[in-house]
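The values are calculated or read from the model by the stated rules, or taken from the named source; none is laboratory data. Keep in mind that this is a model prediction, so the values were computed, not measured. As a convention, Cβ positions derive from the backbone with ideal geometry for all residues, glycine included, and neighbour counts pool all protein chains shown.
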Amino acid sequence: MIIIAERLNGMFTDVKKAIAEKDKKVIQDLAKRQTDAGARYLDVNVGTAAADQEGTMQWLVEAIQETCSTSLCLDSQKPNVIAAGLKVVDADNGVLLNSTPLNKKNDDEILDKFIEMANEAGPKANIIALTMDKNGVPQDTDNRVAIAAEIVSKAMEKGFDTQRLFLDPIILPVKVPDAQIQPTNILNAMDQIKYLSDPAPHMTIGLSNLSQGTTERSLINRIFLPMAISRGLDSAIADVLDKDLMNVVATSEMLMNKQIYSDSFLKVYTAANQ
């Protein structure tokens with residue numbers, strides 16, 4: 001399971017304050033703690049913390065790379081912010097460009113731009129693509145799968161290896177009116193997305209979006225994640241510092257025969273991912 005740690009995001013109060021004060025220590029501590037907890041990638045998102053998003057993205061990347069060599073996930077739907085991060089990121093370490101829809105009303109070629117940036121960054125640069133187009137987020141299974149198929153088709157046309165593609169079927173907060181059907185729609189979409197190519201594209205989700213605004217956030221996330229893993233999910237942007245959640249990941253992989261059982265399988269999983 002590829003866990004993309006979510007906490008280096010300007011939407012969080014401590015990160016926003018650190019960005020405003022250019023306090024590297026807060027950023028570097030979070031980077032190290034999430035790496036030690038088993039993160040494969042560190043999601044780096046400027047959020048609303050700075051007017052100069054390009055410069056701030058570069059500052060965050062450089063601060064993180066001073067203290068750890070964990071692969072980074074540059075998180076912005078603005079190609080110029082991603083491009084700024086790519087100028088200073090160590091792409092040989094692996095990098096994820098997060099994220100692009102199929103298209104936008106004001107940019108019909110945004111997916112092409114992300115593919116071009118990933119190719120220029122090298123073979124270890126991957127893309128998270130949202131099952132979303134100029135009409136917005138699909139509310140049903142069929143449209144999610146149809147957009148996913150278009151994304152895969154375009155990637156293949158451009159010679160972009162589907163193993164470098166992470167498809168995100170877009171989780172919506174379960175608390176939103178009429179949204180409780182969405183987790184089932186997403187699971188059903190996953191059942192079909194995994195057959196869109198051979199080898200299949202990766203699948204990822206922004207797990208914490210599901211529980212946004214609820215009172216039992218960790219519980220909701222912990223229950224949905226193994227359900228999604230059983231349908232082919234192999235990646236998630238999640239709170240890697242939630243030990244119970246990480247134990248769910250380890251247990252799910254053991255029960256699906258992706259790691260050998262031992263009485264200390266939780267410790268083994270943690271050690272293997274550090």
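Does residue 168 fit the bill of being closer than 17 Å to residue 2 by Cβ, of a type in the set (Asp, Glu) and under 19 Å from the mean Cα position of the chain (by Cα)? For residue 168, the condition - closer than 17 Å to residue 2 by Cβ, of a type in the set (Asp, Glu) and under 19 Å from the mean Cα position of the chain (by Cα) - is met. Total residues in the stretch 75-129 satisfying the condition of being within 14 Å of the chain's Cα centre (by Cα), closer than 16 Å to residue 158 by Cα and among the small types (Gly, Ala, Ser): the figure is 2. When the stretch 111-139 is examined, which residues are found to be of a type in the set (D, E, K, R) and in a loop (DSSP other than H, G, I, E, B)? Those that are of a type in the set (D, E, K, R) and in a loop (DSSP other than H, G, I, E, B): 124, 134. Filtered by the rule that a residue be buried (at least 20 other Cβ atoms within 10 Å of the Cβ) and within 14 Å of residue 166 (Cβ to Cβ), the stretch 199-237 gives 201, 202, 203, 204, 205, 206, 207, 228, 233, 235, 236, 237. Annotation note: of 129, 179, 148, the sole residue that is over 15 Å from residue 101 (Cβ atoms), assigned by TED's automatic domain parsing to the domain that holds residue 111 and small (Gly, Ala, Ser) is 179. Restricting 213, 206 to residues that are in the same structural domain as residue 192 (by TED's automatic domain parsing) and on the phi > 0 side of the Ramachandran plot narrows the list to 213.
For the stretch 75-110, which residues satisfy the criterion of being farther than 23 Å from residue 150 by Cβ and assigned to a strand (DSSP E or B)? Correct list: 95 only. Considering only residues that are among the hydroxyl-bearing types (Ser, Thr, Tyr) and surrounded by 15 or more Cβ atoms within 10 Å (Cβ to Cβ), look in the stretch 238-274 and name the one that is nearest to residue 191 (Cα to Cα). By that ranking, first place goes to 252.
Residues checked against (1) surrounded by 19 or more Cβ atoms within 10 Å (Cβ to Cβ); (2) of a type outside the set (A, V, I, L, M); (3) part of a loop (DSSP other than H, G, I, E, B):
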{"residue": "4", "(1), (2), (3)": "yes, no, no"}
{"residue": "20", "(1), (2), (3)": "no, no, no"}
{"residue": "26", "(1), (2), (3)": "no, no, no"}
{"residue": "31", "(1), (2), (3)": "yes, no, no"}
{"residue": "34", "(1), (2), (3)": "yes, yes, no"}
{"residue": "42", "(1), (2), (3)": "yes, no, no"}
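Picking from residues in the stretch 72-113 that are over 27 Å from residue 143 (Cβ atoms) and touching a residue at least 40 places away in the same chain (Cβ under 8 Å), the one that is surrounded by the fewest Cβ atoms within 10 Å (Cβ to Cβ) is 94.
Okay, residues lined up against (1) at pLDDT 95 or above; (2) assigned by TED's automatic domain parsing to the domain that holds residue 202; (3) out of contact with any Phe, Trp or Tyr (no Cβ under 8 Å at 6 or more places or on another chain); (4) not polar (S, T, N, Q):
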site: 70; (1), (2), (3), (4): yes, yes, no, no
site: 74; (1), (2), (3), (4): yes, yes, yes, yes
site: 103; (1), (2), (3), (4): yes, yes, yes, no
site: 107; (1), (2), (3), (4): no, yes, yes, yes
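Does at least one position in the stretch 54-69 carry a residue that is assigned to a loop (DSSP other than H, G, I, E, B), farther than 17 Å from residue 13 by Cα, in contact with a strand residue (DSSP E or B) (Cβ under 9 Å, 6 or more places away or on another chain) and in contact (Cβ under 8 Å) with a residue 24 or more places away in the chain? Checked against the condition, which is being assigned to a loop (DSSP other than H, G, I, E, B), farther than 17 Å from residue 13 by Cα, in contact with a strand residue (DSSP E or B) (Cβ under 9 Å, 6 or more places away or on another chain) and in contact (Cβ under 8 Å) with a residue 24 or more places away in the chain, the stretch 54-69 yields at least one hit. Scanning the stretch 157-198 for residues that are outside any strand (DSSP E or B), charged (D, E, K, R) and crowded, with 17+ Cβ neighbours inside 10 Å returns 164, 194. In the set 135, 209, 188, only one residue is closer than 21 Å to residue 100 by Cα and over 19 Å from the mean Cα position of the chain (by Cα); that residue is 135. Of the listed requirements (1) touching a residue at least 24 places away in the same chain (Cβ under 8 Å); (2) within 30 Å of residue 109 (Cβ to Cβ), residue 153 misses just one: (1).
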